[in-house]
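Quick note: the coordinates plus some simple rules give every number you see, no bench work behind them. It should be emphasised that the depicted structure is a prediction, and the values quoted were computed from it without experimental measurement. Cβ placement follows ideal geometry from the backbone for every residue including glycine, while neighbour counts extend to all protein chains displayed.
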Amino acid sequence: MSADKPQKARPQPDRTVHAVVGDPAERREAMLRFFRGDAGPPVSWWLAPTPAAVGSIRRARLHAGEPGRLPGGVMTLRQAATTLTRDLPPKLPLTPAARHALIAEFAALANHRDALGPLEELIESPGLVAFLASRFRELRREGITANEAPGALARSEGRAAGSVLARLYRDYLGALGKHDLLDDEGVVLAAIEATPQSPAAPQRLLLDLSADLAPIDSRLVQALAARAEEIVVALPGDAPGVRAWWVDLLGVDDHALESGAGPTQKKPAALVHVREHLFEDSPPQFDNTAGVRVLAGDSAHDTARRVARRVKRLLVEEGVRPHEVVLAAPRLDASWPRYREALVEAGVPCSVDAAPRLSSAGLWGAVVDLLALASSDGAFEPLLALLGRTDLPALDADKPPERFASPRAATEWFVRELQVPSGAKYLRRQAEALASLASPSERLDRLGAAANAAVGLFERLDAAFEALPEEGTPLEWFDALDAAFKRLGHPGLTNSGDETDRAAGDALEEAAASIDGLTDWRGRAQRRIRRRGMLELLRSWGQQLRLPRRDASEGRVRIVGAPTATGLACRHLIVIDADESAFAADSGDATAAMLQFRELCATPSEGLAFAYAALDDAAQPLLPSPYVTEVERLFADGAPRLGEPPLLAPFDPGQPATSRREQRLAAVADAEAGESGKLSSYSAIDGGALLNSLAAIDARARGEAFGPWEGVFAGAAGANSLGERYGPEHLWSASQLELMATCPYKFFARHGLMLDEAGELALGVDHRRRGRLMHDALAECLTAIAGGLPAGQTLRDVPPDELSERLAAQIDTLCDTGKLPQHEAALAAIEARQTHDWAALYAEQQRKFHDQQRWSSLDTPLTPTLLEVRFGPATADDGAEDQRSTDRVFELTLPGGEVLKLTGRIDRIDTARRGEQTLFSVIDYKTSKQLKSTRDQIEQGEQLQPVLYALAAQELLLDDAVPVAAGYWGVRQKGFVAPSDRELPLVNFEDGRVQPSDEWNEVVDAVRHRCEQIVHDVRHGAFPMHNRDEHCGERCEYKTVCRVAQARSLGKAPATEGGES
């Protein structure tokens, strides 16, 4: 009920007033007897609260045997206002888009005059105009004039904000009057003025309205009532406050609305008990709950499925017709998608009394994405958003390159790889350069193919962008966007094959035309909007504008808002999402909210149910609405919940299946119990898809050894293909072998399936680039220093400060090449500062390396000799390298006789002398924080690189030399890292000679065997989800597709050659 008491009308002694009292259905049945339609202009008007109620009343009249014509005279109050103003002098109706544009104009003008005050900081926010439009609408509905606004707004908004709002409101009202503009509230105000002389005013007036009318709506009712000869008012039972409100509004005697009670319908006793005792302080408890139920679901989706099952049983088992069931949602926009999906899944026809927002249409998203890209100079995120669309056929017109599903997919991969935040011209130059690049590198070959696809796609986008002006009126923008879409293969904004997209195109055209039309009507020059301004306008339209409703309600279960449901004729009403926050009174008027809920409970004739999610995502209990608790208080403890216990399972096997989903679940449950007939029938229907899925789930969840669902190939076809791909001529790298040994499934994902992590724009440290920077700086710096040392001196003789300073200077030189775009150059400079810290540590690391006891007896100390030296064919990814690099591959003879061909790049080789013997060390730089090396890791294959590189250097680069050290150099920690001399000595010094140690020979033999096993597993398709690192999933790029955690929980292990785990 409205908080404001209506102004009492002047008494009209020559008219008849009736009251119809009772529940909504009872009142409607009685009012049907009063109402009759007449030929010509109807002399009887039935004013209903909502369009849904209008439709329900019209259907009831047809079913009651009205004459063979469509019934008229039933309308909402707004429809009545339109009828009354139809013959008035023409004024321009304001569409929502035109209204917002007008308000935005006044806000911008006030900001230009520095008159926005506390609202100035919101001028760039699209929410400011929406707030002003909403506030002005409230003021208009309350009938507040420009002179009354300052006081009213000062009380509600504060003096400063209220003063600004009042000035803007005055400007808005002034424009309405000056230019003959008509907003929604203006139609009602014009109708109030026109009613006393309007020939359309009815003689008989049936008022089926709520008692919380806005003041201007109350005034329109008073004006209509003053013209009517007979008035019928629908009143809820036992609501003296509502009766008194209508007495004042109509200006009738206090006793005029006490008679005329409607017929009493026979309802279940539980519904009668709710109607009579709801909200009493100490209500009597009732044992019979037939007709009242509370459905407590385990989650929001489970609750929707429970409701769908209940509705399906009503239709199938109790003979209820679909239109006799209503689902009422306190928050319709948030609830209807979930419940509609559940009803459709259950095969229940349904309609939704909600007009979707323009932003729900795919066409709107495409228009926004295209204009966002055009106005952002090829920014990363808008470009990816457009490439993700499938409704622009021209983007996929070309033949897709190899290993890509479409040109769009190839371009998206290319864009993610380059990581360019913005700069369309730079991105296109990169694409053109890479498209023409011939490279032996597999990655660059793929990048070139993707770049070639990107070049063609960018050309089509450029052609579309040529249709877009730099500025234009809204209607010019619409035409330009339509032309751009047609260049991209789209049929046009208003010619889409999708019904929703066609409606969206019409809405966009109407909005643009209404703004241009408003400007012409006011005699103003058309305002031209730049690209970014039009983009913001489109985004605001997405939230402001609504599309036409698509669902017809005839013969369907209706999903409506709770206010709309009140009074709808139905047998069964289910209040959905009746959680703790439902039915909160927006205006703080608890009496009105309680009255509305009471009317809602009185609406159905046979059954009332409340549904809410009783558990959250963490299985913590949730509470229902306090109003639902009030209903439960009327019955014995828990009685309304009988038969609906919480169900922590996909479905209730004790209940018949109500959807195809539940039928499939029931068939599986029967099969587990030994009855497989239903499951077999599904296999015949879907070609075995369901059985195959169940087999996959079972295999993944059971067993001790890895199988096909964990990366182990079962058939010969896959093994044969892998055997050819990784045959005797394949060139292996140490990192490939290490990856296969460490995580076979990761090897399969990266090298077998060629899966790449989708790159996201991350303006942060590029760890690969930073590591490459440190590699190159160390190579060039040490080469320069070692080449300039006097005879007999080593790095140990270079002062530590000088060594660190020269290394830092080399890092700066490499960063300052001018070849990087601005954003990458800035990040490279940040990374350079980080590597400066490492450079400061390097001199001390080098000193400790020289002083290690294991080679302290050498005649000359270990000195860097070969830096960034390659063996095997060169690739475009190699970069700068030592001139003594060789194209020869290293051939490792395996225990079975096969020769494994290896290629690689050694970061650093130091050499020394003992007598006539040359000794050397192999070092690989690492920038990771945690670094260790053990003999076990080498023999397991996780750290093959130092051993394999030592063998390759010995054979290909340093004739007759003996390795004295092989390990890593952690530039961020303690420098050289290798197994201890006690664990793995590489050489023995005996009788003046240097000989490989027995331990080294054993490790080399173990490495040969491990490499043979790795190659065998690759060729036979053995890629189990197995990794010795229990925390591998925390940082792996394949963690979203790898189920290593599930495999560990089941205790699965790789199978041995004998087949046992």
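Couple of notes before you dig in:
- Were the residues from Glu402 through Asp1029 laid out at 0.36 nm apart, the gain over their Cα-Cα distance would be 222.2 nm.
- Rounded tilt (10° steps) of 126-141 against the dominant C-alpha axis of the chain: 10
- When Met754, Met594 are sorted by how many other C-beta atoms sit within 10 angstrom of their C-beta, beginning with the fewest, the order is Met754, Met594.
- Phi-based couplings in Hz for segment 564-580 (Karplus 6.51, -1.76, 1.60; Gly and Pro marked x): 5, 5, 4, x, 5, 5, 7, 8, 10, 10, 10, 8, 9, 6, 7, 8, 4
- Of Thr629, Thr564, Thr783, the sequence from fewest to most neighbouring Cβ atoms within 10 angstrom is Thr629, Thr783, Thr564.
- Relative contact order for segment 233-374, counting Cα pairs under 8 Å that sit 6 or more residues apart, in percent: 13
- Shape category assigned to segment 484-537 from the gyration tensor of Cα positions, a/c cut at 1.5: prolate
- Which of Pro400, Ala435, Ser514, positive extreme of dipole for segment 359-544 (C-beta unit charges): Ala435
- In terms of overall dimensions, segment 92-179 has a Cα radius of gyration and Dmax of 12.1, 34 angstrom.
- Filter on Lys399/Lys425; Lys848/Lys901; Lys974/Lys1052; Lys746/Lys1052; Lys678/Lys1039 - keep pairs with C-alpha separation over 27 Å: Lys848/Lys901; Lys974/Lys1052; Lys678/Lys1039
- Amide hydrogen proximity for Cys350: with H placed 1.01 Å from N in the peptide plane, the residues at 5 or more positions away or on another chain lying under 5 Å are Val557.
- Extending 7 Å from Cα along the Cβ direction at Asp114 and again at Arg522 yields two label points whose distance is 2.5 nm.
- Mean sequence separation of contacting Cα pairs (under 8 Å, at least six apart), scaled by the length of the chain, corresponds to a relative contact order of 12 percent.
- Listed from fewest to most Cβ neighbours within 10 Å, the set Asp287, Asp208 follows the order Asp287, Asp208.
- Note on the chain: with charges restricted to the Cβ of Lys and Arg (+1) and Asp and Glu (-1), its dipole about the Cα centre is near 3160 debye.
- Debye, to nearest 20: dipole size of segment 359-544, +1 on Lys, Arg Cβ, -1 on Asp, Glu Cβ: 500
- Think of the chain as a dipole: +1 on every Lys or Arg Cβ, -1 on every Asp or Glu Cβ, centred on the Cα centre; then among Gln1046, Ser496, Pro946, Ser496 lies furthest on the positive end.
- Computed over the chain, the Cα gyration tensor eigenvalues convert (square root of 5λ each) into semi-axes of 76, 38, 26 Å, ordered from largest to smallest.
- Rounded to the nearest 10 degrees, the angle from helix 159-178 to the longest Cα principal axis of the chain is 60 degrees.
- Using alpha-carbon coordinates, inclination of helix 215-227 to the longest axis of the chain, degrees: 30
- This model, with +1 at the C-beta of Lys and Arg and -1 at the C-beta of Asp and Glu, gives segment 92-179 a dipole about its Cα centre of some 340 debye.
- Annotation for Lys425 and Arg141: the two label points, set 7 Å from Cα along the Cα-Cβ direction, are 5.3 nm apart.
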